[in-house]
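The values are calculated or read from the model by the stated rules, or taken from the named source; none is laboratory data. Remember, predicted model here, so these are calculated numbers, not experimental data. All Cβ positions, glycine included, derive from the backbone under ideal geometry; neighbour counts span all protein chains shown.
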C-alpha cells in the first residue's frame, strides 16, 4: 500500500509540471483526444468515429488562433481509441496524463468511458472536456466530476425541458412510447426512459399513465396497444432511434383515426434536424419499393411536435467537407483512411466546439490566475461555464 501511495504522489507531481512556457516565451500544450475507431457498429462510426470526426479539431484550432485565444502556444496532439469501453477509457486517461504528459483530455465520446475517465480525472484534478453522443445525467454531478466540462446534451436537461413544456401547457398526464434500436454503446432512449421515470416521481401533479418499449412489437401489436392507449392519454411523448419507427408509429395512429385534435405526439429528438433528417422528411418511406403512402404520413406528422436541439448553422456543409479532408493533414496524416464521399460524423461539430471551449476556458484561467493554474482541472472546468456563440 505504501508503494502504491508513493507512485500516485509521483504521478500527480509529474503531471502538474507538464505544461510549460519555454524560455523563449512559447507555451507548450499537449492535447489528448479519445474516441472509437473502426467500430463494427455503423451507428457508432457515423456518430463519433475517429476518421469522420478528428478533422474537426484542426478546424477549431484555426478559430482559436484567429481569435488569439492562446497566443504564443505550440500545440501537439496524441490520440487514443477507447472503443467505448470503460476500462480502456480509464486506462488511457492515466496514460494521457502521466505517460504522454498531456495537458487536457478531449473526450471520451461514449457514455460508459466518460464515467470511468471522469472519475480518474477527478482524483488527479486533470481537465477532461467531453463531447459525443447523448450523455447520462450522472455527469451533471459537479461534486463527483469536478474537472469535467461537456458540450454534449444530457438526458437530465432533456427531461427538465420536457417537464417545463408539459407544465407550461398544463398537461399533467402523458404516455411515453419508445423503441431501443441503437447500440448500447451510444444509447439514447434507454437513458431518457430512466430519467423520465425519476422526473415524474419528483414532480408534483404529473402522471405517466402509460409506458411501453415497442421495439419488439409487430405492426398489429402496436395498433392493439394504441387502441388501449386511447383511453389513457392524450399527450404522447415518443423517443425513437430509427426513422422507420417514427413513420410506422404515425401511420398506425392514422389508421386508428388518432390524427385529430384529441391527441398530440411529441417527438424527443437530439439530431438537430427537426422533421427533416438526412434523406428527406420523417414521413418519407425509405423502403424499396416505397408504399406510396407518404401523403398520408405527412398529414399525420402535421399533428406532431418535435423538441430538438438547435440546428447547425448554414456553414455546416463546408465544415463537413473540411473534417473529411483534414484527416489526411497535420497532425493525423492518415492518407487513404476514409472514403472521401462519406460525411463527417454527426457529432463532429461537438468535437470542434469542445476543443474551442477548452481553449476559451484555459484563456480565462490564465488571465485570472496566471500560468500556474493551467493544470488545475477544477478551475479550468469551472471557467467553461457560460454562453457561447
Quiz item: Looking only at the stretch 226-246, which residues are more than 17 Å from residue 262 (Cβ to Cβ) and surrounded by 16 or more Cβ atoms within 10 Å (Cβ to Cβ)?
Solution: 239, 240, 241, 243, 245, 246
Practice problem: Could you tell me whether residue 316 is modelled with pLDDT under 95 and closer than 21 Å to residue 63 by Cα? | Solution: yes
Quiz item: Among all residue pairs at least 6 apart or on different chains, which show Cβ distances below 6 Å where the first residue, located in the stretch 306-318, is surrounded by 15 or more Cβ atoms within 10 Å (Cβ to Cβ) and the second is at pLDDT 80 or above and in a strand (DSSP E or B)?
Solution: 306/267; 307/268
Practice problem: Can you tell me which residue among 35, 39 is at pLDDT below 95, within 19 Å of the chain's Cα centre (by Cα) and surrounded by 19 or more Cβ atoms within 10 Å (Cβ to Cβ)? | Solution: 39
